[in-house]
Amino acid sequence: MCGIVAYIGPRQAYPVILKGLKRLEYRGYDSAGVALLNHGLKVYKKKGKVADLEESLIGKDLEAHAGIGHTRWATHGEPSDRNAHPHSSASGKLAMIHNGIIENYTQLKTELTKKGYQFKSDTDTEVLLNFIEDIQKNNNCELEEALRIALKRVVGAYVLVLLDQDNPDTIIAARKGSPLVIGIGKGEHFLASDASPIIEYTKDVVYVNDFELAIIKADELVLKNLGNEKITPFVQKLDLELTAIEKGGYDFFMLKEIFEQPDTIFDCLRGRLDVNNRTITMAGVQNNIEQLKNANRIIIIACGTSWHAGLLAEYVFEELCRVPVEVEYASEFRYRNPVIHAGDVIIAISQSGETADTIVAIERAKEQGAFIFGVVNVVGSSIARISNAGAYTHAGPEIGVASTKAFTAQLVVLIMIALKLAKEKKSIDDDRYVYLLNELHNIPEKVKEVLLLDDDIKKLADKYKNAKDALYLGRGYNFPIALEGALKLKEISYIHAEGYPAAEMKHGPIALVDDSLPVVFVATKDSYHQKIVSNIQEIKARKGKVIAVISAGDDMIPKMADDIMMVPEADEIVAPLLSVIPLQLLACYIGIAKGYDVDKPRNLAKSVTVE
Ligand code: F6R
C-alpha cells in the first residue's frame with residue numbers, strides 16, 4: 001500500500017519519478033505528490049490519481065536532480081491534498097514519504113504537541129517527520145543520526161525516504177516491514193517500492209532489509225544497520241522485462257492478465273512438470289522432502305484471493321496426500337494463540353509477498369518452531385525471503401488490483417506440490433498420478449478454449465450489470481471458486497455478492513432468492529454433479545436466475561439454466577483452473593460495462609502492507 005519512488009543523479013528527477021508513480025499506482029491512488037530539491041525544497045501534492053498531480057504541475061518549475069514521489073492509499077486521514085505525501089517538517093527543510101503505519105504516532109504526537117509543534121495533516125507520517133527533526137535539533141546531529149535515534153522509538157512498519165534541503169546531494173531511506181528496492185545506475189540511484197519504476201534504467205538492484213538505512217548519493221550507496229555499522233549491499237540482477245509491465249494493447253491490465261493465463265500457467269509448469277518422465281521437479285519441495293513428508297499437519301495462511309487458493313489446496317492435499325490441513329486467514333492467525341507443533345508445516349501463499357498480516361503470521365509460526373514454505377509470485381519479496389523454503393508462481397508482474405493470473409498460478413503450484421508429495425508418500429496410485437500430470441499439462445490449451453467465451457461473456461455482463469446482489473454457489477473443489485467469483489464481482493463492479501457451498505444455501509441464503517437474484521453455479525462435472533443439479537432446481541423453483549459454469553458435454557444443466565458458460569472437461573482437481581476464468585471475465589466486463597476503472601477499484605490497493 002502506497003507507492004514510493006525517488007531519484008538522484010544527472011537526469012531530471014521529475015519525469016523519472018512521475019513515470020515510476022504511474023507504474024506503482026496499483027499500490028494506492030488516493031493522492032500523489034513529489035518533493036524536488038533545486039535551490040531549496042519544493043513540495044507539490046494533489047488529491048486523486050497521479051494524472052491529476054501531473055496536470056496540476058503543468059507550467060511549474062520542476063527542474064531538479066534529486067526528488068521523491070508518493071502515491072497514497074490512505075490510512076491516517078482522509079484522501080486530501082493536505083494528507084498527501086510528501087510531508088514537510090516544521091522548519092520546511094525536510095520532506096518525507098512513507099509507506100506503512102506508525103502505530104505509536106499518537107504518543108509521539110502528544111509529546112511534540114506539548115513542545116509546541118503544530119500539524120498541517122492528520123497523518124502519522126508528518127508526526128514522525130517532526131519527531132525526527134526535533135531529535136536532530138536537540139542533539140545537533142546529522143539527519144542520518146536523528147533518523148536512527150527516532151527509529152528506535154518507532155512501533156510499526158515503514159519505508160521512509162527523506163530529502164534534506166541542507167544536504168541536497170543525499171537521499172536517506174529506511175525500511176522495516178514494507179518493501180524497498182534500490183536501483184544502481186551509472187552515477188545515479190533509483191528507489192522504489194518494487195522494481196517496475198527501475199527496470200528501464202538498470203537491472204542492478206539491492207533489496208533493502210528490515211532495520212537497514214540507506215544513505216544514497218548519485219554515485220554512492222551506503223547501507224547501515226540501526227547500530228550505525230556498515231553492511232555490504234547485495235546486488236542482484238533483475239529478471240524482468242519492460243513489456244511485462246505494459247498493457248500490450250488491452251484497455252486494462254486486468255483483461256491483459258486474464259488473457260495471459262495460458263502463458264502464465266505454462267510458465268509455471270515449465271521446467272517442473274515432465275509428463276514423459278512422469279516427474280515434477282521443484283527444488284524447494286525436493287530439498288525439504290523429509291520435513292514435508294513427516295508433517296503432522298499443514299497449516300495454510302493467506303489473505304483474500306490467496307486464501308481461496310489455500311482453501312482449494314486444503315481439499316487437494318487432504319485428498320492426495322492424506323495429511324490434515326487447516327486454512328487460516330493470516331489476519332486472524334497472527335492475533336489468536338494457535339497451537340503449533342515443531343512438526344507442523346506452514347504454507348504461506350501471497351502474490352505480492354508483502355502482505356503485512358501474512359508476514360507477521362509467518363513470524364509468529366516461526367517463533368513456535370514451524371517450518372515455513374512460501375508460495376509467492378514476486379521474486380525477492382519479504383515472504384520469499386523469510387520462508388524456510390518455497391516455490392515461485394512465475395506469473396509475472398500482476399498490476400491489476402484484482403488478482404487473476406496469480407491465483408491460477410498459485411493453484412498450479414499447490415497442485416504440483418501436492419502431487420509430488422503424494423508420490424513421495426505413496427498416497428496416490430500410479431495411474432491417478434500419471435493421469436493428473438497429463439491433466440495439468442493440458443490446462444494451458446484448455447484455458448485458451450475458455451478464453452474464446454470472451455464475446456459471450458461480454459453479452460452476459462451487459463445482461464446482468466444492473467443486478468444489486470448475486471449469489472455464487474459451488475461444491476467440493478468448486479466451492480473456493482464460488483468464493484473467488486463472488487470476491488471478483490464485488491471488488492470490481494461493486495455489486496454485493498456472496499459465495500457459499502451450494503448445499504449451505506438451504507441454511508439461510510435461499511431466503512434471498514427471487515426473480516431478480518442472479519445465482520452463479522460453478523457446476524463443472526465432478527463427484528457432486530448430481531447434487532449440484534438438484535441445487536439448481538431448488539433455485540429455479542424459487543424463480544432465481546441461474547448462470548452456470550458447466551463442463552462440455554453436460555446436457556442436463558443447459559435445460560435448466562438461464563445462461564451457461566461451458567468449459568472443456570477436466571479432472572475435478574484441475575477443473576477449477578478452468579471454471580474460475582469465466583468468472584474473472586464476467587466480473588471484469590460487468591465492471592467495464594458500468595464504466596469503472598477495473599484496474600483501480602475504489603478503496604483497494606494491490607499490496608496490503610498495513611494490517
Ligand atoms: C483480490 C486480491 C486480494 C489479495 C490479498 C492478498 O483480488 O487481490 O484479496 O489476494 O490482498 O494479497 P497477496 O496475495 O499479495 O498476499
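Go over the candidates THR355, THR393 one by one and state the one that is assigned by TED's automatic domain parsing to the domain that holds ALA342, open to solvent by 10 Å² or more (accessible area, probe 1.4 Å) and not hydrophobic (A, V, I, L, M, F, W, C). Spell out the reasoning first.
Details: THR393 fails: open to solvent by 10 Å² or more (accessible area, probe 1.4 Å).
Unique residue meeting the criteria: THR355.
Test of understanding: among VAL574, VAL513, VAL533, which residue is under 20 Å from LEU460 (Cβ atoms) and open to solvent by less than 50 Å² (accessible area, probe 1.4 Å)?
Details: VAL574 fails: under 20 Å from LEU460 (Cβ atoms); VAL533 fails: under 20 Å from LEU460 (Cβ atoms).
Among VAL574, VAL513, VAL533, only VAL513 is under 20 Å from LEU460 (Cβ atoms) and open to solvent by less than 50 Å² (accessible area, probe 1.4 Å).
Residues in region 356-397 that are in a strand (DSSP E or B), within 14 Å of the ligand (Cβ to nearest atom) and in contact with a helix residue (DSSP H, G or I) (Cβ under 6 Å, 6 or more places away or on another chain): how many?
From region 356-397, those in a strand (DSSP E or B) are 371-376, 389-392; that's our starting set.
Now restrict to residues that are within 14 Å of the ligand (Cβ to nearest atom): 374-376, 390, 392.
Pick out the ones that are also in contact with a helix residue (DSSP H, G or I) (Cβ under 6 Å, 6 or more places away or on another chain) and you get 374-376, 390.
Count: 4.
Would you pick out the residues in region 330-355 that are assigned to a loop (DSSP other than H, G, I, E, B), within 16 Å of the ligand (Cβ to nearest atom) and charged (D, E, K, R)?
Initially, region 330-355 is screened for residues assigned to a loop (DSSP other than H, G, I, E, B), giving 334-343, 351-355.
This time we only want the ones that are within 16 Å of the ligand (Cβ to nearest atom), so: 334, 351-355.
Scanning region 330-355 gives ARG334, GLU354.
Take region 579-611 and flag every residue that is surrounded by fewer than 23 Cβ atoms within 10 Å (Cβ to Cβ) and in contact (Cβ under 8 Å) with a residue 12 or more places away in the chain. Let's see the steps before the verdict.
Going residue by residue through region 579-611, those that are surrounded by fewer than 23 Cβ atoms within 10 Å (Cβ to Cβ) are 592-597, 600-604, 608, 610-611.
Correct list: ILE592, ALA593, LYS594, TYR596, ASP597, LYS600, PRO601, ARG602, LEU604, VAL608, VAL610, GLU611.
Among the candidates ALA74, ALA64, single out the residue that is under 20 Å from GLY185 (Cβ atoms) and part of a loop (DSSP other than H, G, I, E, B). Let's see the steps before the verdict.
Numbers: ALA74 fails: under 20 Å from GLY185 (Cβ atoms).
After applying the criteria, what remains is ALA64.
Counting only residues that are touching a residue at least 40 places away in the same chain (Cβ under 8 Å) and farther than 22 Å from VAL208 by Cα, how many does region 1-18 have?
Initially, region 1-18 is screened for residues touching a residue at least 40 places away in the same chain (Cβ under 8 Å), giving 1-14, 16-18.
Still in the running and farther than 22 Å from VAL208 by Cα: 10-12, 14, 18.
Here the count works out to 5.
Mind checking which residues of region 392-412 are under 11 Å from LYS256 (Cα atoms), modelled with pLDDT of 95 or more and not polar (S, T, N, Q)? Give the derivation first.
Of region 392-412, the ones under 11 Å from LYS256 (Cα atoms) are 398-400, 404-405.
Remaining after also requiring modelled with pLDDT of 95 or more: 404-405.
Scanning region 392-412 gives a single hit, LYS405.
Just for region 452-462: of the residues that are assigned to a helix (DSSP H, G or I) and farther than 14 Å from LEU489 by Cβ, which one is least open to solvent (accessible area, probe 1.4 Å)?
If we filter region 452-462 for residues that are assigned to a helix (DSSP H, G or I), which is where we start, we get 454-462.
If we keep only those that are farther than 14 Å from LEU489 by Cβ as well, we get 454-456, 458-459, 462.
On the way: ASP454: 29, ASP455: 89, ASP456: 88, LYS458: 91, LYS459: 142, ASP462: 89 Å².
Checked region 452-462; the qualifying residue least open to solvent (accessible area, probe 1.4 Å) is ASP454.
I want to confirm something. Restricting to region 486-501 and keeping residues that are assigned to a helix (DSSP H, G or I) and open to solvent by 40 Å² or more (accessible area, probe 1.4 Å), which single residue is nearest to the ligand (Cβ to nearest atom)? Show your work before the answer.
Of all residues in region 486-501, those assigned to a helix (DSSP H, G or I) come to 486-493.
Of the ones still in play, those that are also open to solvent by 40 Å² or more (accessible area, probe 1.4 Å) are 487, 490.
Values: LEU487: 6, LYS490: 10 Å.
That would be LEU487.
Need the failing condition index for LYS543 against (1) at negative phi; (2) charged (D, E, K, R); (3) in a loop (DSSP other than H, G, I, E, B), just the number.
Only one criterion is unmet by LYS543, namely (1).
Taking only pairs six or more apart or across chains, which ones have beta-carbon atoms under 8 Å, a first residue in region 86-97 that is open to solvent by 10 Å² or more (accessible area, probe 1.4 Å), and a second residue that is in a strand (DSSP E or B)?
What qualifies is SER88/ALA35; SER88/LEU41; SER88/VAL43; SER88/LEU94; SER88/ALA95; GLY92/LEU41; LYS93/LEU41; LYS93/ASP164.
With region 235-308 as the region, which helices (runs of 4 or more DSSP H) entirely inside it contain at least 3 residues that are away from the ligand (no atom under 16 Å from the Cβ), open to solvent by less than 20 Å² (accessible area, probe 1.4 Å) and over 24 Å from LEU583 (Cβ atoms)?
Numbers: elements: 253-259, 261-269, 283-286, 289-293.
Where helices (runs of 4 or more DSSP H) fall fully within region 235-308, none carries at least 3 residues being away from the ligand (no atom under 16 Å from the Cβ), open to solvent by less than 20 Å² (accessible area, probe 1.4 Å) and over 24 Å from LEU583 (Cβ atoms).
Is there any pair with a first residue in region 236-259 that is on the phi > 0 side of the Ramachandran plot and a second that is open to solvent by less than 50 Å² (accessible area, probe 1.4 Å) whose Cβ atoms are under 9 Å apart and which are 6 or more apart or on different chains, and what are they?
GLY248/LYS256; GLY248/GLU260; GLY249/LYS256
Look through region 557-604, keep the residues that are under 12 Å from ALA523 (Cα atoms) and out of contact with any helix residue (DSSP H, G or I) (no Cβ under 6 Å at 6 or more places or on another chain), and return whichever of them is nearest to the ligand (Cβ to nearest atom).
The qualifying residue nearest to the ligand (Cβ to nearest atom) is ALA575.
Which condition number in (1) β-branched (Val, Ile, Thr); (2) within 25 Å of SER579 (Cβ to Cβ); (3) in contact with a helix residue (DSSP H, G or I) (Cβ under 6 Å, 6 or more places away or on another chain) is the one that ILE347 fails?
Condition not satisfied by ILE347: (3).
Can you name the number of the only condition in (1) open to solvent by 10 Å² or more (accessible area, probe 1.4 Å); (2) more than 16 Å from the ligand (Cβ to nearest atom); (3) within 30 Å of GLY271 (Cβ to Cβ) that VAL327 fails?
For VAL327, the failing item is (2).
The values are calculated or read from the model by the stated rules, or taken from the named source; none is laboratory data. Because the structure is a prediction, the values reported are computed rather than measured. Note: ideal-geometry Cβ built from the backbone for every residue, glycine included; neighbour counts use all protein chains shown. To get the accessible areas, we keep the full protein, side chains included, count just its heavy atoms, and leave off ligands, DNA and RNA. Shrake-Rupley method; radii C 1.70, N 1.55, O 1.52, S 1.80 Å.
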